[in-house]
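Notes for the one structure printed next.
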Amino acid sequence: MSEVEQAVEQLRRHQADQKVLVQAREDALALATNPLFKRLILDGFCTVECARYVQESCDPMLAPHMRADALAMAQSAGHLKRFLSLAIQIGNTAANNIQQADDEIANILEHGLEGDE
């Protein structure tokens, strides 16, 4: 396999990896517009239930480990939202990386590798 073929193959493997990240972005965006996900997870859990957990986390009538568990549950909504946001941001970057790899492949196929004579 020539150096040009190796370079193109490496870029294609990179693109395949990036496509997984783009798909995760698409999945996160689809979830955000899904009415069931919005109702059950974003509104029901992240808003209503987590507010209740915050209140429980400072209830002196609960045992310390129960307050700690309630606080951890309340914080989980923030972790979920951050995870989804990161999936979208990383997917956006991956989509740009795929385009850059396409451009680089086209350039390599047209002009060869730098330093080739």
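The values are calculated or read from the model by the stated rules, or taken from the named source; none is laboratory data. This is a predicted model, so every value here is computed, not measured. Heads up, the Cβs are rebuilt from the backbone with ideal geometry, glycines too, and the neighbour counts pull from every protein chain shown.
Quick notes on this one:
- Selection from region 61-110 of residues that are at pLDDT below 95 and of a type in the set (A, V, I, L, M): ILE105, ALA106, ILE108, LEU109
- Only one of ARG67, ARG52, ARG39 that is over 24 Å from ALA94 (Cβ atoms) and touching a Ser or Thr at 6+ places or on another chain (Cβ under 7 Å): ARG67
- Within region 27-36, restricting attention to residues that are of a type in the set (Gly, Ala, Ser) and touching a residue at least 12 places away in the same chain (Cβ under 8 Å), the residue that is farthest from ILE90 (Cα to Cα) is ALA32.
- Within region 70-98, the residues that satisfy the criterion of being in contact (Cβ under 8 Å) with a residue 60 or more places away in the chain and not polar (S, T, N, Q) are ALA87, ILE88, ILE90, GLY91, ALA94, ALA95, ILE98.
- Boolean, LEU109 is within 22 Å of GLN18 (Cβ to Cβ), without any contact (Cβ under 8 Å) to a residue 40 or more places away in the chain and not β-branched (Val, Ile, Thr): no
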